[in-house]
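Trainee: The structure that follows is given in the form of structure tokens.
The values are calculated or read from the model by the stated rules, or taken from the named source; none is laboratory data. These numbers were taken from a predicted model, which means no experiment stands behind them. With ideal geometry, Cβ positions are generated from the backbone for all residues, glycine too; neighbour counts draw on all protein chains shown.
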Amino acid sequence: MSRIVIVSNRTPGKGPAAGGLAVALRKVLSEREGFWFGWSGKLTDQPAREARIEDIDGLEVAQIDLSREDHHAYYAGFSNSILWPSFHLRLDLATIESHWYEGYRRVNQQFARALLPLLKPDDVVWVHDYHLIPLASELRQLGARNRIGFYLHIPFPTTDALYAIPHHEELMRDLSRYDLVGMQAKRDVAAFTEFAEHQAPSTFGGHKVQAIDFSRTEVEAFPIGSDPDAFAKLSVSPAATKMVNRMKRVLGDQRLILGVDRLDYSKGLPQRVEAYEKLLANNARLRRSVHMLQVAPPSRDSIKEYQETSDTLDAMCGRVMGHFAEPDWQPLTYVKRAYGQPSLAGLYRMARVALVTPLRDGMNLVAHEFVGSQNPEDPGVLVLSRFAGAAEIFPEGLLVNPFDTDETSEALRMALDMPLDERKQRWAALMKSAQKHNVDDWAVSFLNHLTQGGPDKPSATRDVLYLGSASELATPPNAMGSQTPPAA
């Protein structure tokens, strides 16, 4: 059986894996020979030429160090100040510096040069996320003929947003060098298809760029999930019960409205707080009987746009408190720290409503975790953004437009007033879908498709999309590449 090589921006550290994705990928490597490759987390004056290989909790990990200059251009610069906002359709927040792309490319070249000597001819390579889009091209240029797959964990942009990204044609050509490109949702596959079928190559500088040939690349949706049965057990564990008891002492009979997110402008947190403010303003009967808890640990707080989101959220929470708080009741709690999975599972279980309302999201695993943690005899209600990938598999949630705070406010009221029978019926359907789209099956499905599928070996169980415009000389099928998901 071929080895599996997982490639991501960061490699896993010592100790228990923090999320379901890391657990699933560790499981893949425990069942099949292979290793995990990525950045060590260390910054040096000079980039490393060779990878260090070590055993981390029984997992073979190959790591390289990056130079400070290259890491800034690659990570904070091109990846998170250009690709992240653009893929989330926030072009107004994209900051473009031309030298960042050079650093982004250099790091991908460094990854390829350090990885290639470690590969065997029949290794299958799985590359993860937007940091490493060019990796297959760089490996191909060095002579790699392995099957390579790529999985995008964030949304794929619309064609207009894609055209706004510097060097977008090169990035799309890079994707064409993968054997299999996996997306979170069908809407992402549709956006990719629209570009592939209606390319408008640049004629900048009088030089017409040749159209990209996607005919040897499969593009398909593989919705990622969590482990709902594990969360069901975790939600009644001693650690979860301890958190529930702590909250009950404070809340009494108040019903909990819960949000759990990284502090990121894509999550729609200011709009969420505004919707809750409108709920209290329009439904005086609910005051003193509900409480909102927003857990939002900071992320990428060195980037200006993230600090601005934090400042906006601080001000909005202060406004709600000033308007509605009373000496013996406060309407919300806003916590800027992370909690372990057992504590979160306890919070999910006791929440009457989960507010999962990103402005745009690849999947959003909080929705999955909330569903898995519910008490079947008294489940809560999922209020879910229709712009999250999870909306495609969780139609039984209350789907909202998060930009319309009146609509979200009304969905909150409906969720709080929903009778038990309807809550049970909706939750049963949600749980069935969460179990179907679990993270273990996601990993197995992608890898089986990568190793067994392809234009020459179409899958017998899936509808596969093959894209192409026969203009560019294509790489032979066995020379196509793939990417792996990043460490969670």
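Trainee: Residues that are crowded, with 21+ Cβ neighbours inside 10 Å and modelled with pLDDT of 95 or more: does region 335-343 have at least one?
Mentor: The answer is no, given that none of the residues of region 335-343 is crowded, with 21+ Cβ neighbours inside 10 Å and modelled with pLDDT of 95 or more.
Trainee: While we're on this one: Ser98 versus (1) closer than 30 Å to Arg386 by Cβ; (2) at pLDDT below 95: which is the lone unmet condition?
Mentor: (1) is the only condition that Ser98 fails.
Trainee: Also, I was wondering about something else. If you go through region 45-63 one residue at a time, do you hit one that is in contact with a Phe, Trp or Tyr (Cβ under 8 Å, 6 or more places away or on another chain) and under 29 Å from Thr309 (Cβ atoms)?
Mentor: We begin by selecting, within region 45-63, every residue in contact with a Phe, Trp or Tyr (Cβ under 8 Å, 6 or more places away or on another chain); these are 51, 53, 59-63.
If we keep only those that are under 29 Å from Thr309 (Cβ atoms) too, we end up with none.
Taking every residue of region 45-63 in turn, none turns out to be in contact with a Phe, Trp or Tyr (Cβ under 8 Å, 6 or more places away or on another chain) and under 29 Å from Thr309 (Cβ atoms).
Trainee: Just one of Ala391, Ala367 is farther than 16 Å from Ile257 by Cβ, in contact with a Leu (Cβ under 9 Å, 6 or more places away or on another chain) and part of a helix (DSSP H, G or I); which is it? Before you say what the answer is, go through the steps one by one.
Mentor: Working: Ala367 fails: farther than 16 Å from Ile257 by Cβ.
Sole residue among the options that is farther than 16 Å from Ile257 by Cβ, in contact with a Leu (Cβ under 9 Å, 6 or more places away or on another chain) and part of a helix (DSSP H, G or I): Ala391.
Trainee: Could you check region 117-135 and list, in sequence order, the residues that are farther than 21 Å from His71 by Cβ and part of a helix (DSSP H, G or I)? Break it down into steps so the answer makes sense when it comes.
Mentor: Residues of region 117-135 farther than 21 Å from His71 by Cβ: 117-126.
Matches in region 117-135: Pro117, Leu118.
Trainee: I need a count of the residues in region 149-166 that are in a loop (DSSP other than H, G, I, E, B) and either of a type in the set (A, V, I, L, M) or more than 30 Å from Ile4 (Cβ to Cβ) (or both).
Mentor: Of region 149-166, the ones in a loop (DSSP other than H, G, I, E, B) are 152-158, 164-166.
Narrowing the set further to residues that are either of a type in the set (A, V, I, L, M) or more than 30 Å from Ile4 (Cβ to Cβ) (or both) leaves 152, 154, 158, 164-166.
Residues meeting the conditions: 6.
Trainee: State all residues of region 319-338 that are under 25 Å from Val366 (Cα atoms) and part of a helix (DSSP H, G or I); if no residue qualifies, say none.
Mentor: Within region 319-338, Val320 is the sole residue that qualifies.
Trainee: If you don't mind, there's one more thing I want to ask. Scan Asp301, Asp328, Asp314 and give me the residue that is of a type in the set (Asp, Glu), more than 15 Å from Arg262 (Cα to Cα) and assigned by TED's automatic domain parsing to the domain that holds Asn282.
Mentor: Details: Asp301 fails: more than 15 Å from Arg262 (Cα to Cα); Asp314 fails: more than 15 Å from Arg262 (Cα to Cα).
Just a single option satisfies the conditions, and that option is Asp328.
Trainee: Please go through region 374-383 and pick out each residue that is in a strand (DSSP E or B) and farther than 13 Å from Ala429 by Cβ. Can you show your working first?
Mentor: Step one: filter region 374-383 for residues in a strand (DSSP E or B), giving 381-383.
Hit for region 374-383 is Val383, nothing else.
Trainee: Out of Ser289, Ser266, I need the residue that is within 21 Å of Asp417 (Cβ to Cβ) and touching a residue at least 12 places away in the same chain (Cβ under 8 Å). Which one? Walk me through how you get there before you give the answer.
Mentor: On the way: Ser266 fails: within 21 Å of Asp417 (Cβ to Cβ).
On inspection, the qualifying residue turns out to be Ser289.
Trainee: Taking only pairs six or more apart or across chains, which ones have beta-carbon atoms under 8 Å, a first residue in region 44-59 that is in the same structural domain as Glu31 (by TED's automatic domain parsing), and a second residue that is part of a strand (DSSP E or B) and hydroxyl-bearing (Ser, Thr, Tyr)?
Mentor: Correct list of pairs: Thr44/Ser67; Asp45/Ser67; Gln46/Ser67; Pro47/Ser67; Arg52/Ser40.
Trainee: Collect the residues in region 315-341 that are free of Cβ contacts under 8 Å to residues at least 12 places away in the same chain, of a type outside the set (A, V, I, L, M, F, W, C) and within 16 Å of Val273 (Cα to Cα), keeping them in residue-number order.
Mentor: We begin by selecting, within region 315-341, every residue free of Cβ contacts under 8 Å to residues at least 12 places away in the same chain; these are 315, 318, 321-322, 325, 327-328.
From what is left, the residues that are of a type outside the set (A, V, I, L, M, F, W, C) are 318, 322, 327-328.
Those that are free of Cβ contacts under 8 Å to residues at least 12 places away in the same chain, of a type outside the set (A, V, I, L, M, F, W, C) and within 16 Å of Val273 (Cα to Cα): Gly318, Gly322.
Trainee: Another question about this same structure. What helices (runs of 4 or more DSSP H) lie completely within region 220-318 and have 1 or more residues being buried (at least 17 other Cβ atoms within 10 Å of the Cβ) and hydroxyl-bearing (Ser, Thr, Tyr)?
Mentor: Numbers: elements: 228-234, 238-251, 269-282.
Helices (runs of 4 or more DSSP H) meeting the threshold: 269-282.
Trainee: In contact with a strand residue (DSSP E or B) (Cβ under 6 Å, 6 or more places away or on another chain), at pLDDT 95 or above, surrounded by 14 or more Cβ atoms within 10 Å (Cβ to Cβ) and closer than 22 Å to Arg145 by Cβ - does that describe any residue in region 427-446? Walk me through it before giving the result.
Mentor: At the first step, the residues of region 427-446 found to be in contact with a strand residue (DSSP E or B) (Cβ under 6 Å, 6 or more places away or on another chain) are 446.
Then keep just the ones that are at pLDDT 95 or above; that gives 446.
Now restrict to residues that are surrounded by 14 or more Cβ atoms within 10 Å (Cβ to Cβ): 446.
Okay, now just the ones that are also closer than 22 Å to Arg145 by Cβ, so 446.
Yes, the conditions are met somewhere in region 427-446.
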